[in-house]
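Student: If you scroll down you'll find the structure; I have some questions about it.
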Amino acid sequence: MSSIISGVLSSTWPMILVSVVVATSLRLTYLVKNHIHFTFYKEVFMLVAIVYVLELFQIVTSGDVVSWSTNNFIPFQEMFRYRIGSPLFIKNVIGNIVLFMPYGFFIGFYLKEDKARFILLLTLLVSVTIECVQMSIGRVFDVDDILLNTLGGFIGAKVYILLVKLTNHIPAFFKSEFFLNIVAFVALLGFFILI
């Protein structure tokens, strides 16, 4: 899984860097012009969401499909084809779940939504859209990807809901803007080192 992530990052870092600089400059201009308080960790989180969307686009539109692949409209047919733990299982089953976990988390965060049905509906809509686009650009439509992506979005949303519940039981310092800014700075530094 880490080799897949590093492979995507190594080919997309120019797009990420330019997009982050453009988004940051536009956002800072907006904040300064409207005299809005700058909260570092919130801005970093927003950048992470932008990078996620860019990477998701790259992953779902790249042409890395093997020529023998065909459309799959039968649920569970493809996902049970792989031996559990095999590289293909990790890439195609686990990968499709993990790919959409951030999406569910972001939906929960931005909508402050704790209703799983609504998050599932949005995740399903995005996943169906992606599969239809893939079919129209020479890739394949796979209903199993929709099921796995939706599961990933649901897990991501549940992680968000769990974190919200946990924050009610942690000391105030760990919820302070100062502490969250430090965590965001360290995470951002780690990300740039990774790239």
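The values are calculated or read from the model by the stated rules, or taken from the named source; none is laboratory data. Since the structure is predicted, the reported quantities are computational estimates derived from the model, not experimental observations. Neighbour counts are summed over all protein chains in view; Cβ atoms, including those assigned to glycine, are modelled from backbone coordinates with ideal geometry. Side chains included, ligands, DNA and RNA excluded: accessible areas come from the protein's heavy atoms. Shrake-Rupley method; radii C 1.70, N 1.55, O 1.52, S 1.80 Å.
Student: Name the single residue, out of those in segment 152-170 being under 19 Å from Y110 (Cα atoms), among the aliphatic types (A, V, I, L, M) and surrounded by fewer than 20 Cβ atoms within 10 Å (Cβ to Cβ), that is farthest from the chain's Cα centre (by Cα). Outline the logic, then answer.
Tutor: In the first step, residues of segment 152-170 are kept if they are under 19 Å from Y110 (Cα atoms); the result is 152-168.
Narrowing the set further to residues that are among the aliphatic types (A, V, I, L, M) leaves 155, 157, 159, 161-164, 166.
Subsequent filtering for residues that are surrounded by fewer than 20 Cβ atoms within 10 Å (Cβ to Cβ) retains 155, 159, 161-164, 166.
Working: I155: 12, V159: 13, I161: 16, L162: 18, L163: 17, V164: 19, L166: 22 Å.
So the residue we want is L166.
Student: Let me ask something else. Scanning for something in contact with a Phe, Trp or Tyr (Cβ under 8 Å, 6 or more places away or on another chain) and closer than 18 Å to L88 by Cα, does segment 153-161 turn up at least one residue?
Tutor: Looking only at segment 153-161, we keep the residues that are in contact with a Phe, Trp or Tyr (Cβ under 8 Å, 6 or more places away or on another chain), and these are 153, 156-157, 159-160.
With the extra rule that they be closer than 18 Å to L88 by Cα, the set shrinks to none.
Within segment 153-161, none of the residues are in contact with a Phe, Trp or Tyr (Cβ under 8 Å, 6 or more places away or on another chain) and closer than 18 Å to L88 by Cα.
Student: Considering each residue of segment 171-190, count those that are assigned to a loop (DSSP other than H, G, I, E, B) and surrounded by fewer than 10 Cβ atoms within 10 Å (Cβ to Cβ), and give that number.
Tutor: At the first step, the residues of segment 171-190 found to be assigned to a loop (DSSP other than H, G, I, E, B) are 171, 176.
Among the residues that remain, those that are also surrounded by fewer than 10 Cβ atoms within 10 Å (Cβ to Cβ) are: 171.
Qualifying residue count for the region: 1.
Student: When you check K42 against the structure, is it over 20 Å from I155 (Cα atoms) and surrounded by 13 or more Cβ atoms within 10 Å (Cβ to Cβ), yes or no?
Tutor: Working: over 20 Å from I155 (Cα atoms): yes; surrounded by 13 or more Cβ atoms within 10 Å (Cβ to Cβ): yes.
Taking the combined requirement at face value, the residue satisfies it.
Student: Pairs please, first residue from segment 136-152 and on the phi > 0 side of the Ramachandran plot, second anywhere and open to solvent by 30 Å² or more (accessible area, probe 1.4 Å) and not aliphatic (A, V, I, L, M), Cβ atoms under 7 Å, 6+ apart in sequence or on different chains.
Tutor: Between residues of segment 136-152 that are on the phi > 0 side of the Ramachandran plot and residues that are open to solvent by 30 Å² or more (accessible area, probe 1.4 Å) and not aliphatic (A, V, I, L, M), the close pairs are G138/G63.
Student: Can you pull out every residue in segment 84-109 that is touching a residue at least 60 places away in the same chain (Cβ under 8 Å) and open to solvent by 40 Å² or more (accessible area, probe 1.4 Å)?
Tutor: The initial filter retains those residues of segment 84-109 that are touching a residue at least 60 places away in the same chain (Cβ under 8 Å), namely 90-91, 94-95, 98, 109.
I90, K91, I94, V98, F109, listed by residue number.
Student: Here is a follow-up. Please work out if E78 is charged (D, E, K, R) and in contact with a strand residue (DSSP E or B) (Cβ under 7 Å, 6 or more places away or on another chain).
Tutor: Values: charged (D, E, K, R): yes; in contact with a strand residue (DSSP E or B) (Cβ under 7 Å, 6 or more places away or on another chain): yes.
So E78 fits the description; yes.
Student: How about segment 53-74: which of its residues are part of a helix (DSSP H, G or I) and either at pLDDT 95 or above or over 23 Å from Y110 (Cβ atoms) (or both)? Lay out the reasoning, then the answer.
Tutor: Restricting attention to segment 53-74, the residues satisfying the condition of being part of a helix (DSSP H, G or I) are 53-61.
If the condition is that a residue be part of a helix (DSSP H, G or I) and either at pLDDT 95 or above or over 23 Å from Y110 (Cβ atoms) (or both), then T61 is the only one that fits.
Student: Taking the criterion of being open to solvent by 30 Å² or more (accessible area, probe 1.4 Å) and closer than 13 Å to D145 by Cβ, would at least one residue in segment 50-57 satisfy it?
Tutor: Looking for residues that are open to solvent by 30 Å² or more (accessible area, probe 1.4 Å) and closer than 13 Å to D145 by Cβ, one finds none in segment 50-57, hence no.
Student: Being crowded, with 18+ Cβ neighbours inside 10 Å and among the polar types (S, T, N, Q) is the filter here, so list the residues in segment 115-148 that pass it.
Tutor: Passing the criteria: T123, S127, Q134.
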